[in-house]
């Protein structure tokens, strides 16, 4: 055992450490303990350095730096576009149902710097973006955008990560199962289930789960975000669509791969059905699933408005929607950038993982 | 080396498990259920800063953790006032000068004595342009207050407020029922020392100091607020020790939690569910001071024509709308809502399709001269949509008008109202204080809330004068009756439809939940079984 560990590359050590830390975090979270900030930092550190070392070993450091440089340009463009779109949108943040006397409105606008020319507002805003200080929310007085994100992101993150894991845990095996029994009853059955999963809107699916498990059977809480028992229904509701999608994706790529020459070779070598499926077929079928999981991860982590509303989850998804309704400019900008960062980086991670699953892919 | 590193990481992550805090798993913040009332609020309160809040979720919390000089008294038929931080008050100089005697021996939640200066500090803060409060105009009637708020006057000592011993003396520019304003949280006292110490974060638990029956104990943003009985409260202590305000945005989710016994009180219900919710024993409903109305754009043809406006109003049956809504709303033909001084059920134009057709023909419309395209607009909302469609159908049936319906998202709608509203547009008003002035003044020719473009100097004069007859109720009523006639019978820039009704679900274990025309919920007298 020890000999085996000694042989591990430093990249794999980081991967193992990341796994161990992540498992402890999940364990703590599911046993209703608070996950300490140090653990989160350790995870971020391990992820960052693990990927860095992996990229270094694959000679893709330059590629990564190039991607990060591109990402910064993209973020700048997004920040500017959001700024412009918000100013063009009719209706301002301080329009209220009871119209205010002009002087009072002027006082409010002065306080938030609306009396300055647009160019000055833009420069101040870009300065804020660069220093990661998005300012104070217009709606929630005295709360900075940073406060709002740090208070509501954990719930969305927890919900999102579990839903993401669930979608893989269900989707990949289901896809394999169906592909291995191609054109049989079980294949049709699995695909019918998964196509209903894709087709069912999640507000309906969530409502059904609440009806069955909370109201009729009374075994799970109908809403709120307190103990791990509260996580179950929202996680299933959020995870079921991607799970169904991943199942269909896995099935079709597995069917492609099964027909290829190297699989025939593997079978000819006399490998067992299981070894062929898991070692050769699966690994080579995961590329499309991986491509899909980048945007999925970003989307799922940044919160789902519908599910947060339905299950009263104190997450970030509803802030994005309500920020727009309230014309809460700083909040919208902060959340848009957060989503963009998540998207850019989850795509980068996915790209790095490509070469892990398929060594033929070289990043340059 | 690598082995050691891996080992280190494992130990590092495992070591956290021992030092970790267990989250409370009992729910309800570990509070005893028999002494904890759990109510729902539909949004995170935007602020607990008394001078800055401007929404009714924040004031729901505020009215339970703070007190003003006076409180509403709902015991009489018309809403009156009862003493709170002021024990008595009187007016002189025909209601232009007011004097409030401050209760002695009152303590803030941090043990500091309450002083009259704290009230004046609150008012100064409300009027200070740097506070940028939505409600500064509440005190504009105080001498020089407007100039101070506009920044024209820098010295607050010139504003007509002063402290003498335990008296607060107020000098107004014109007479008005001033004490009513003091029920509003924007006029509540503040502690400037606390605000300067904590800045904008002074409203967080641990920082905030208050004077009400409850103290803010916990505020988990986007989840819940917990308040606890204030042991230093000057009045009778609250009957229930703790109140949790759970933030549940979605109506149906709130109902699910109510059914699961997790929440004891819902103060708003989705209108679509009313038809079956009203059959439940926990259902309660009662009117509150508000009007839902449609305004005419009097600057745009064809609704610039008085005869057209009269024809349209006569052609719509209000009871058809309230019946369709099934919410128990009370049809309203006048401008002062049901349940308030000044309400007059006999004023306004009633549904009369024959007269509607007559006016329509007099205006020159008929088969030879078809009515031009007309726009009905509302802000996007299910109920508003149903009302607009109902009006559209009634106009088609009774006058043969093909009106076009347009809906806009709320902020866009507000913008449109300012620039160029549709011919016939939906609006509403909820009373800030139970006085007709609060309703009639939104239709003054110079009022920012008057989006109709209508102006009538006689009406302006009546409204400006009526408010000064604070002590002569009969005279005041006579003036409002005259104003009523101009507004809803002679010039008809508006079409009042109904007074809204509050719908609550109250758990059987809750006793004494308030229901009143101001739609406020002081919880101190609520007990649990």
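Readers should treat all values here as calculations from the given coordinates under stated rules, not as data from a laboratory. For clarity, every value in this text was computed on a predicted model and none was experimentally measured. Every residue, glycine among them, receives a Cβ derived from its backbone with ideal geometry; neighbour counts consider all protein chains shown.
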Query raised in the report: Which percent of Cα pairs goes in each bin when the distances of segment B:432-502 are cut into 5 angstrom slices starting at zero?
Result: 3, 16, 28, 26, 16, 9, 2, 0
Report task. Kindly put B:443, A:89 in sequence by how many other C-beta atoms sit within 10 Å of each C-beta, fewest to most. Result -> A:89, B:443
Requested in this report: Specify the angular offset, from 0 to 90 degrees and rounded to the nearest 10, of the alpha carbon long axis of helix A:145-180 from the longest principal axis of the alpha carbons in chain A.
Outcome: 20
Query raised in the report: Along the three principal axes, how long is segment B:349-412 when you take its alpha carbons, biggest first, rounded to the nearest angstrom?
Result: 38, 24, 17
Report task. Sticking with the crude label model, points 7 Å out along Cα→Cβ, report the distance from residue A:109 to residue B:194 in nm, one decimal please. Result -> 3.4
Report summary line: In this structure, the FRET efficiency calculated for residue A:220 and residue B:173 from their beta-carbon separation, with R0 = 56 Å, to the nearest 0.05, is 0.35
Report summary line: Measuring from the longest principal axis of the C-alpha atoms of chain B, the long axis of helix B:457-466 (C-alpha) lies at a number of degrees, nearest 10, equal to 40
Report task. Tally the DSSP beta bridges in the protein assembly as shown and give the antiparallel ones as a percent, rounded to 5. Result -> 80
Report summary line: Packing-ranked peptide list from B:66-77, A:180-191, B:312-323, B:161-172, highest mean Cβ count within 10 angstrom first, is B:312-323, B:66-77, B:161-172, A:180-191
Report task. Could you work out, for segment A:145-357, what percent of all Cα-Cα pairs fall into each 5 Å distance bin, beginning at 0 Å and stopping at the bin that holds the largest distance? Result -> 1, 7, 13, 16, 16, 15, 12, 9, 6, 3, 2, 1, 0
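Restricting everything to alpha-carbon atoms, can you work out Rg to Rh for segment A:256-364 with a Kirkwood hydrodynamic radius?
1.21
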Requested in this report: Over the residues of chain B, compute the C-alpha Rg and express it relative to 2.2 N^0.38 Å.
Outcome: 1.11
**Report entry** Cβ neighbours within 10 Å from other chains - mean over B:244-257
**Finding:** 5
Report summary line: Within chain B, the percent of DSSP beta bridges that are antiparallel, given to the nearest 5, stands at 80
Report summary line: Going fewest to most other Cβ atoms within 10 Å around each Cβ, B:386, A:251 line up as B:386, A:251
Requested in this report: Rounded to the nearest 500, what is the 222 nm mean residue ellipticity of chain A from helices alone, with -39500 (n - 2.57) per DSSP H run of 4+ residues and division by all residues?
Outcome: -24000 deg cm²/dmol
Query raised in the report: Can you pull the Rg over Rh of the protein assembly as shown, Cα-only, Kirkwood?
Result: 1.02
Query raised in the report: Considering segment B:19-172, what Rg and Dmax in Å follow from its alpha-carbon atoms?
Result: 19.5, 69
Query raised in the report: Going by the alpha-carbon gyration tensor, a ≥ b ≥ c the square roots of its eigenvalues, is segment A:65-123 rounded (a/c under 1.5) or, if a/c is not under 1.5, prolate (a/b greater than b/c) versus oblate?
Result: prolate
**Report entry** Rg in Å to one decimal, and Dmax rounded to a whole Å, for segment B:42-128 via C-alpha atoms
**Finding:** 14.9, 45
Query - Cα→Cβ-extended label distance, 7 Å offset, between residue B:78 and residue B:445, nm - result: 2.9
Query raised in the report: Three principal axis extents, largest first, for the C-alpha atoms of chain A, in Å?
Result: 85, 56, 38
Query raised in the report: Expressed as an acute angle from 0 to 90° and rounded to the nearest 10, what is the orientation of the C-alpha long axis of helix A:329-357 relative to the principal long axis of chain A?
Result: 20
Query raised in the report: If you project the alpha carbons of segment A:1-57 onto their three principal axes, what span does each projection cover, largest first, in Å?
Result: 37, 27, 13
Report task. Using a 10 Å cut-off on Cβ atoms, rank the peptides A:116-129, B:207-220 from the highest mean neighbour count down. Result -> B:207-220, A:116-129
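For B:298, B:303, what ranking results if the residue with the fewest other Cβ atoms within 10 Å of its Cβ goes first? The partial results should precede the final answer.
Numbers: B:298 20, B:303 24.
Result, fewest neighbours first: B:298, B:303.
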Query raised in the report: What value, in deg cm²/dmol to 500, does the helix sum -39500 (n - 2.57) over DSSP H runs of n ≥ 4 give at 222 nm once divided by the residues of chain B?
Result: -8000 deg cm²/dmol
Query raised in the report: Can you tell me the Rg and the Dmax, both Å, for the Cα atoms in segment B:372-529?
Result: 19.5, 62
Query raised in the report: If you count, for every residue in A:79-92, the Cβ atoms of partner chains within 10 Å of its Cβ, what is the mean?
Result: 2
Query - 10 Å Cβ neighbours from other chains, averaged over peptide A:28-36 - result: 4
